[in-house]
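*Asks:* Take a look at this one; I'll ask things after.
The values are calculated or read from the model by the stated rules, or taken from the named source; none is laboratory data. Bear in mind that the values here come from a model prediction, so they are computed numbers and not experimental data. With ideal geometry, Cβ positions are generated from the backbone for all residues, glycine too; neighbour counts draw on all protein chains shown. With ligands, DNA and RNA removed, areas are computed over all heavy atoms of the protein, side chains included. Shrake-Rupley method; radii C 1.70, N 1.55, O 1.52, S 1.80 Å.
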Amino acid sequence: MSEVSDVNAFEEFLKPGVYVQDIDALFPLLQSSHIIDVLIGLFRGGRDEVMIRLAVMREIAARAELPEWTPAQLQNHLSFIDATKLETVLHRLRSHDLLQWDADRRVYQISAAGRMVLSAISGLLRFGEADDELGYLMSQAAGGSAVGELSAEHLSHVLAKLTEYEHFFQEAIASGSEFRLKSAQARLSKAQPWIEKATALINTISENGMDDAGWQIVHKIASQQSRLLNMASVFQRELAKVARQRVMLSQGGLSSTELSAWLQQRSVESLAQMGARMAVTPELLFVLPDVMLDISDDVLEREVAVPKVSVMPPDVEVAPAQTEAFSYPPQLTDLTRVLAQLEDDSALPDVVVGGGFAQASYRYSLLTFLGEKHEDADLNALAEQPFRLAHALDAPLQAVHRNEVAAMTAGQLIKHTPAKEG
């Protein structure tokens, strides 16, 4: 009777002639209606009620070596809850199949459905901070893959989150705002370990196999992952452009960026008070139309003693200008030749340092072009080299002490096999 009443309740939402059994979006949910009823029983009601129910269930499930509890043991262990209220909570958990009651032995125990719900909630609580969504989704996908229960729906959630990251990063780059770029850079740094773990997940899926729909999503995840990992160099390049445009406001070294950061840390009330103190309305000295007219007439009628006449200078023959062909500094060609001769991974200082600080800085900036496409032949020759720049955004400095370079960010150039076209 319950199932029939649930099906009839759908008639309020569906159009005439549409039956709930024929809707693909509802069919898997109807098949799992039992676990959904369990969740409704647990979370229905006020926030405080739900918190108490969860606390009681977690305390009962925490004693793994002795999973059975007598009513007296629960009363003693949960003595911070009123005895009458505790009995009400236990009755609700029991009636919604979250708790089992053995009448013969008079003991409580967490049900199978209740333990699954607690396990899912435990994962959510562990990834409860901001920007932990990708970590939770990756852990769910990795766990499903490990036990052979990974579905295309799991992977679609991962792909959706990676796509959301890409849109956020692209908007930060398009804005040109230093603060948005740094915020996006910090967000990428936090998400980068999980993005890299997508590679291990894809390798596991390759070994275990998957259906066609899953494989399509896997390929999209791999492409999305590659684009996101390339964002680190894009952020560095954009922040370098912003640094070149930074305005110094005084001889003491105060920059427009520092001023903007200081203003962002102030509260709205303090900014309003500051604006009230700084807002000054100039007092008009001449506000009467007749006075302003007298002054303007006097200025117009005043004779100019020595009128100035502008004369064009005489023509002068000049030699035709010679247009010189543009050429890149020799460090670009040298760096391309060095990368072409490398047969394995190499540390950054071994490739970058040499000649002096200016030359090393220029070579280091050129490494951000690796893996990109350029119309310029010289830059494209460098970008096509089979290497990628690998270092963490917060990597420590590595001591160098040669060629005017004391230290630089630790990292490596990782060699990889270029993907074949077609």
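*Asks:* Just to be sure I understand, how many residues within the stretch 58-90 are out of contact with any strand residue (DSSP E or B) (no Cβ under 7 Å at 6 or more places or on another chain), part of a helix (DSSP H, G or I) and within 21 Å of ILE121 (Cα to Cα)?
*Replies:* 4
*Asks:* Still on this model: Hey, among ALA276, ALA272, which residue is at pLDDT 75 or above and in a helix (DSSP H, G or I)?
*Replies:* Of ALA276, ALA272, the one residue that is at pLDDT 75 or above and in a helix (DSSP H, G or I) is ALA272.
*Asks:* Say whether the condition of being within 29 Å of the chain's Cα centre (by Cα), surrounded by 13 or more Cβ atoms within 10 Å (Cβ to Cβ) and modelled with pLDDT under 75 is met by at least one residue in the stretch 357-365.
*Replies:* no
*Asks:* Ok, one more. Could you count how many residues in the stretch 201-229 are open to solvent by 60 Å² or more (accessible area, probe 1.4 Å) and not aromatic (Phe, Trp, Tyr)?
*Replies:* The total comes to 12.
*Asks:* Does the stretch 61-78 include one or more residues that are surrounded by 15 or more Cβ atoms within 10 Å (Cβ to Cβ), in contact with a His (Cβ under 6 Å, 6 or more places away or on another chain), small (Gly, Ala, Ser) and touching a residue at least 12 places away in the same chain (Cβ under 8 Å)?
*Replies:* no
*Asks:* Would you call LEU98 in contact (Cβ under 8 Å) with a residue 60 or more places away in the chain, in contact with a Gly (Cβ under 8 Å, 6 or more places away or on another chain) and surrounded by 16 or more Cβ atoms within 10 Å (Cβ to Cβ)?
*Replies:* yes
*Asks:* For the list (1) modelled with pLDDT under 90; (2) under 21 Å from GLN100 (Cβ atoms); (3) of a type outside the set (Gly, Ala, Ser), I need the number of the one condition that PRO28 fails.
*Replies:* (2)
*Asks:* Given the structure, is PHE326 of a type in the set (Phe, Trp, Tyr), modelled with pLDDT of 80 or more and under 55 Å from the mean Cα position of the chain (by Cα)?
*Replies:* Answer is no for this residue.
*Asks:* Need the failing condition index for LEU29 against (1) surrounded by 14 or more Cβ atoms within 10 Å (Cβ to Cβ); (2) in a helix (DSSP H, G or I), just the number.
*Replies:* (1)
*Asks:* Another question, then. I'd like the full set of residues that are under 34 Å from the mean Cα position of the chain (by Cα) and either open to solvent by less than 60 Å² (accessible area, probe 1.4 Å) or within 13 Å of ALA410 (Cβ to Cβ) (or both), limited to the stretch 343-356.
*Replies:* SER346, ALA347, LEU348, PRO349, ASP350, VAL351, VAL352, VAL353, listed by residue number.
*Asks:* Here are GLU149, GLU171: which of them is acidic (Asp, Glu), surrounded by fewer than 16 Cβ atoms within 10 Å (Cβ to Cβ) and within 28 Å of TRP215 (Cα to Cα)?
*Replies:* Just one listed residue meets the conditions, GLU149.
*Asks:* Could you check ARG115 against (1) over 30 Å from ASN203 (Cβ atoms); (2) assigned to a helix (DSSP H, G or I); (3) open to solvent by less than 80 Å² (accessible area, probe 1.4 Å); (4) not aromatic (Phe, Trp, Tyr) and say which number it fails?
*Replies:* Result: ARG115 passes all but (3).
So that you can scan it fast, the table gives a plain yes or no per residue for (1) within 34 Å of the chain's Cα centre (by Cα); (2) of a type outside the set (A, V, I, L, M):
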{"site": "MET57", "(1), (2)": "no, no"}
{"site": "PHE80", "(1), (2)": "no, yes"}
{"site": "LEU86", "(1), (2)": "no, no"}
{"site": "LEU134", "(1), (2)": "yes, no"}
{"site": "SER139", "(1), (2)": "yes, yes"}
{"site": "ALA142", "(1), (2)": "yes, no"}
